[in-house]
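Nothing in this text is a laboratory measurement; each read-out follows from the coordinates by a stated rule. Treat the numbers as computed from the prediction; the structure is a model and nothing was measured. We place every Cβ from the backbone using ideal geometry, glycine too, and count neighbours over all the protein chains shown.
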Amino acid sequence: MPPPVFRFAPSPNGYLHLGHAYSALLNFDLARRAGGRFLLRIEDIDATRCRPEFEAAIYEDLAWLGISWESPVRRQSEHFARYREAVERLAGLGLIYPSFESRAEIARLVAQREADAPWPRDPDGAPLYPGAAKSLSPDQRRQLIAQGTPYALRLDMQAALARVQELAWHEKGAGPGGESGVVAAQPKAWGDVILARKETPTSYHLSVVIDDALQGVTDVVRGRDLFWSTSVHLLLQQLLGIPQPVYRHHRLIEDASGHKLSKSTQATALRELRGQGVTPADIRSRVGLPGDARNTTGSC
Ligand code: GLU
């Protein structure tokens, strides 16, 4: 049996905080305990929010925590051609269409629909796509694109679901509602998700799935906030014919008032804590991990 492969995949759009420390250390410990590999991946597809100083800080903070990773580190911004290829494959299956509404237009459409009844939201709370771009003719699409109109490439969820069997995954951690064991995926809840945009030829969902497969990741260990995203990931894996890893969604580290930590609050940023004299051992104990990686059970 080849060794299991774990990864920590932060986005360099802010400084790492205690929640990231927990996720990174948990992955690292589980990899060590299983005699597996640990990879670091930089998820920097959003050029407007990702910054080199945040990426440099990720390396510094993780090394300070005592974490080591394999080289080279995969940086998603260097692999746009790969993601584009996958979008083209899905387009070749007739599963992709461009939509041209701006965010403001979408908000307006949702408000119109909500005059009658609440409009459905995805598991992250964002309204499902309310537009009718799916029914534009090929000519209309070509024309809008030729005019330079910005667009998003969406997955035609109905057509995609018609191509796959029922989707389920083995959850080794737990979902936000305590889901565990074999979980039935619910990709439909996401509507026609965006897989790429004119200016960014990929999305979180697409690149995470492609990279996990390319890097041979066997165990995806990440925060519970991403639990229901797994539904979309399973769907893309089936459509693209790539393997499905095992998933373990872990608890989120909260602040004193019970809120999820944010990259913009200084109080729990690792470099802030380091500056105050907090040690890596203190961080381990603050996030509830044993001092010795070999004792980490991953019950989360
Ligand atoms: N890049 C994502 C984040 O920073 C994590 C992706 C994943 O673990 O699947 O939230």
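A few remarks follow.
- The combined condition, being more than 15 Å from the ligand (Cβ to nearest atom), of a type in the set (S, T, N, Q) and assigned to a loop (DSSP other than H, G, I, E, B), is fulfilled by Ser257.
- Exactly one residue out of Val232, Val208, Val221 is within 12 Å of the ligand (Cβ to nearest atom) and either part of a strand (DSSP E or B) or among the charged types (D, E, K, R) (or both), and it is Val221.
- Residues of the stretch 23-38 that are in contact (Cβ under 8 Å) with a residue 60 or more places away in the chain and within 13 Å of the ligand (Cβ to nearest atom): Ser23, Leu26, Asn27.
- Arg7 vs. criteria within 14 Å of the ligand (Cβ to nearest atom) and touching an Asp or Glu at 6+ places or on another chain (Cβ under 9 Å): yes
- The lone exception for Ile194 - which of (1) within 15 Å of the ligand (Cβ to nearest atom); (2) under 14 Å from the mean Cα position of the chain (by Cα) it fails: (1)
- So Ala146, is it within 25 Å of Ala86 (Cβ to Cβ) and either acidic (Asp, Glu) or out of contact with any Pro (no Cβ under 9 Å at 6 or more places or on another chain) (or both): yes
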